[in-house]
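Trainee: Sharing a structure, written as structure tokens. Questions coming.
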Amino acid sequence: MKLNGQVTDSLDFYQGHDPHELIRTYGSPLYVYNERIFRKNCQDLKQMCPYPNFEVNYSIKANSNLTLLRIALEEGLHADATSPGEIAVLEAAGYSANKIFFIPNNVSAEEMQYAVERDILVSIESLSQLETYGRVNPGGRVALRFNPGVGSGHHKNVVTGGKNTKFGINEEYIPEAKKIIAAHGLQVAGINQHIGSAILDVNIFMASVERVLEIARNFEGLEFIDLGGGFGIPYKKQQGEEPLDLKALGQALAQFMEKFSQAYRGDGKQLTFMVEPGRYIPAESGILLGTVYATKNNGNEKYIGTDLGFAVLMRPVLYDAYHEIEIYCNGDSTASRNSETVHIVGNICETGDYIAKERLLPGIQEGDVLGVLDAGAYGYSMASQYNHRLRPAEILIRENGNVQLIRRRDTIEDLLQNMIL
């Protein structure tokens, strides 16, 4: 029996598969992805903007499973990477150099060289890093990341534009940037920005677009402008939270793109515009399953003890993020299922190890399986082996309903393999 299950029912997320059976087969906890939903999100982004030279770069830090990356590639998405490791994963998934954009932050000359040797375009976001890049790749192509002075996000830790951020070159440093570019003979191929994460307000995003287009006017011969990503999803679906209006955003963007491109180029050729969404693509396609092993009362507080510790899902602890919970009952018993306010906690030896605080939910019992919704982004990619916990398996429910293992569960041997006695 399923409680609070309207979201997965409406999506036919499990396509006939029983969460309890999935746990028995692949272990608990378990990340479950739905291919149909993942592909649809890719397609929605590809089709969001009617401007002809519009590209979507998947920001793979959200979820970099090889199978999912290959699906994104099949759907026509390019990708951005933030480290040599992400570049290597993209190459393993089949991405060619011209489909990878390297957007690092505070990296060594060796990391820059890693991308340059592969003919991958690098974005630079500080004057000192621009000096380093000029020494690494004199005369080469480069992109510049600017801070448009606008920031937004669901938590202060994910706001990447505005006054209080480490990201991007401020507009007042454009003259200094041009001096460095000239000194090393660099060619500025494009500029980019990113203002934050989980944005649901079209107006905020468009304000940043206006600013970055003004910055772009300071550079000649640009091939592209990357407007960033951060597109949000509604994490409170059960409460009626509305999704981002992608169509309205795409229409608004197309008008800006057409107008700017005509004025900037003057030769009838269209400038390429890109966006770099991460969360929007995998978030709703993934659910984290875990098992209830204990219930207890401490004074007036009731705790539901699970294996869903923050080594498995970091977002609630790191960002105070909200994820809705579905309950898959152990058997058909409906006894003691009256709603109550509970804390859902994990198995990590930290007081802050919460998945949900003060949540009003139908009664939860030992042996139940919980489904943490919208866990496909920044779930497994931020998982750790803290407390020497084993990272979970990942499975994919294919469009035809078959289940495929796309990452095996950690073993004890995995915990020990890099240690030297």
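The values are calculated or read from the model by the stated rules, or taken from the named source; none is laboratory data. Model, not experiment: these values are computed from the prediction. Cβ coordinates were reconstructed from backbone atoms using ideal geometry, including for glycine residues, and neighbour counts include every protein chain displayed.
Trainee: Any residue in region 385-401 that is hydroxyl-bearing (Ser, Thr, Tyr), in contact (Cβ under 8 Å) with a residue 40 or more places away in the chain and closer than 22 Å to VAL7 by Cβ?
Mentor: No, region 385-401 contains no residue that is hydroxyl-bearing (Ser, Thr, Tyr), in contact (Cβ under 8 Å) with a residue 40 or more places away in the chain and closer than 22 Å to VAL7 by Cβ.
Trainee: Select from region 78-122 the residues that are under 22 Å from ASP226 (Cα atoms) and of a type in the set (D, E, K, R) and write down the one among them that is surrounded by the fewest Cβ atoms within 10 Å (Cβ to Cβ).
Mentor: The extreme case among them is ASP119.
Trainee: May I ask you to list pairs of residues, at least six apart or on different chains, whose Cβ atoms are under 7 Å apart, with the first in region 218-233 being over 19 Å from ASP201 (Cα atoms) and the second being assigned to a loop (DSSP other than H, G, I, E, B) and hydrophobic (A, V, I, L, M, F, W, C)?
Mentor: Between residues of region 218-233 that are over 19 Å from ASP201 (Cα atoms) and residues that are assigned to a loop (DSSP other than H, G, I, E, B) and hydrophobic (A, V, I, L, M, F, W, C), the close pairs are LEU222/LEU271; PHE224/LEU271; ILE225/LEU271.
Trainee: Taking only region 187-225 into account, find how many residues are modelled with pLDDT of 85 or more, over 15 Å from GLU171 (Cβ atoms) and acidic (Asp, Glu).
Mentor: 2
Trainee: Exactly one condition in (1) in a strand (DSSP E or B); (2) under 30 Å from GLN251 (Cβ atoms) is not met by ILE281; state its number.
Mentor: It fails just one condition, (1).
Trainee: Ok, one more. ILE60: of a type in the set (A, V, I, L, M), buried (at least 18 other Cβ atoms within 10 Å of the Cβ), in contact with an Asp or Glu (Cβ under 6 Å, 6 or more places away or on another chain) and in contact (Cβ under 8 Å) with a residue 12 or more places away in the chain, yes or no?
Mentor: yes
Trainee: Of the residues that make up region 5-16, is at least one within 22 Å of ARG315 (Cα to Cα), of a type in the set (A, V, I, L, M) and within 17 Å of the chain's Cα centre (by Cα)?
Mentor: no
Trainee: Do we find that THR351 is of a type in the set (Ser, Thr, Tyr) and modelled with pLDDT of 95 or more in this structure?
Mentor: So THR351 fails the test.
Trainee: Residues in region 291-308: is at least one of a type in the set (Gly, Ala, Ser), buried (at least 22 other Cβ atoms within 10 Å of the Cβ) and modelled with pLDDT of 95 or more?
Mentor: no
Trainee: Still on this structure: Within region 1-17, track down each residue that is surrounded by fewer than 21 Cβ atoms within 10 Å (Cβ to Cβ) and in contact (Cβ under 8 Å) with a residue 12 or more places away in the chain.
Mentor: MET1, LYS2, LEU3, ASN4, GLY5, GLN6, VAL7, THR8, LEU11, GLN15, GLY16, HIS17
Trainee: Also, I was wondering about something else. So which residues in region 215-261 are hydrophobic (A, V, I, L, M, F, W, C), farther than 16 Å from ASN53 by Cα and in a loop (DSSP other than H, G, I, E, B), if there are any at all?
Mentor: PHE219, ILE233, LEU244 - these are the residues of region 215-261 that are hydrophobic (A, V, I, L, M, F, W, C), farther than 16 Å from ASN53 by Cα and in a loop (DSSP other than H, G, I, E, B).
Trainee: Could I ask something else about it? Tell me, please, whether a residue that is assigned to a helix (DSSP H, G or I), within 19 Å of VAL188 (Cα to Cα), touching a residue at least 40 places away in the same chain (Cβ under 8 Å) and not acidic (Asp, Glu) can be found in region 120-130.
Mentor: yes
Trainee: Another one. Let me spell it out: the conditions are (1) more than 13 Å from ALA311 (Cβ to Cβ); (2) surrounded by 13 or more Cβ atoms within 10 Å (Cβ to Cβ); (3) over 22 Å from the mean Cα position of the chain (by Cα), and GLY376 meets all of them except one. Which number is the exception?
Mentor: In the conditions (1) more than 13 Å from ALA311 (Cβ to Cβ); (2) surrounded by 13 or more Cβ atoms within 10 Å (Cβ to Cβ); (3) over 22 Å from the mean Cα position of the chain (by Cα), GLY376 misses (3) alone.
Let's see how each residue does on (1) buried (at least 21 other Cβ atoms within 10 Å of the Cβ); (2) not in a loop (DSSP other than H, G, I, E, B):
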| position | (1), (2) |
| --- | --- |
| LYS178 | no, yes |
| VAL188 | no, yes |
| GLY196 | yes, no |
| VAL212 | yes, yes |
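Results for (1) closer than 23 Å to LEU144 by Cα; (2) assigned to a loop (DSSP other than H, G, I, E, B), shown as yes or no for each residue.
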site: ALA72; (1), (2): no, no
site: ALA79; (1), (2): yes, no
site: ALA88; (1), (2): yes, no
site: TYR95; (1), (2): yes, yes
site: PHE101; (1), (2): yes, no
site: ASN105; (1), (2): yes, yes
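Trainee: Using the structure shown, decide if PHE38 is crowded, with 19+ Cβ neighbours inside 10 Å and either in contact with a helix residue (DSSP H, G or I) (Cβ under 8 Å, 6 or more places away or on another chain) or in a helix (DSSP H, G or I) (or both).
Mentor: Answer is yes for this residue.
Trainee: Tally up the residues in region 314-347 that are over 16 Å from TYR235 (Cα atoms) and either in a loop (DSSP other than H, G, I, E, B) or free of Cβ contacts under 8 Å to residues at least 24 places away in the same chain (or both), please.
Mentor: 13
Trainee: Just wondering, is there one or more residues in region 245-260 that are more than 27 Å from GLU326 (Cβ to Cβ) and without any contact (Cβ under 8 Å) to a residue 24 or more places away in the chain?
Mentor: For region 245-260, residues more than 27 Å from GLU326 (Cβ to Cβ) and without any contact (Cβ under 8 Å) to a residue 24 or more places away in the chain: present.
Trainee: Is it the case, given these coordinates, that GLU350 is surrounded by fewer than 21 Cβ atoms within 10 Å (Cβ to Cβ), out of contact with any His (no Cβ under 9 Å at 6 or more places or on another chain), in a loop (DSSP other than H, G, I, E, B) and among the acidic types (Asp, Glu)?
Mentor: It is true that GLU350 is surrounded by fewer than 21 Cβ atoms within 10 Å (Cβ to Cβ), out of contact with any His (no Cβ under 9 Å at 6 or more places or on another chain), in a loop (DSSP other than H, G, I, E, B) and among the acidic types (Asp, Glu).
Matching residues to (1) more than 23 Å from GLY232 (Cβ to Cβ); (2) among the aromatic types (Phe, Trp, Tyr); (3) in the same structural domain as ILE364 (by TED's automatic domain parsing); (4) assigned to a helix (DSSP H, G or I):
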{"site": "ALA263", "(1), (2), (3), (4)": "yes, no, no, yes"}
{"site": "VAL292", "(1), (2), (3), (4)": "yes, no, yes, no"}
{"site": "THR295", "(1), (2), (3), (4)": "yes, no, yes, no"}
{"site": "ILE304", "(1), (2), (3), (4)": "yes, no, yes, no"}
{"site": "GLY309", "(1), (2), (3), (4)": "yes, no, yes, no"}
{"site": "VAL312", "(1), (2), (3), (4)": "no, no, yes, no"}
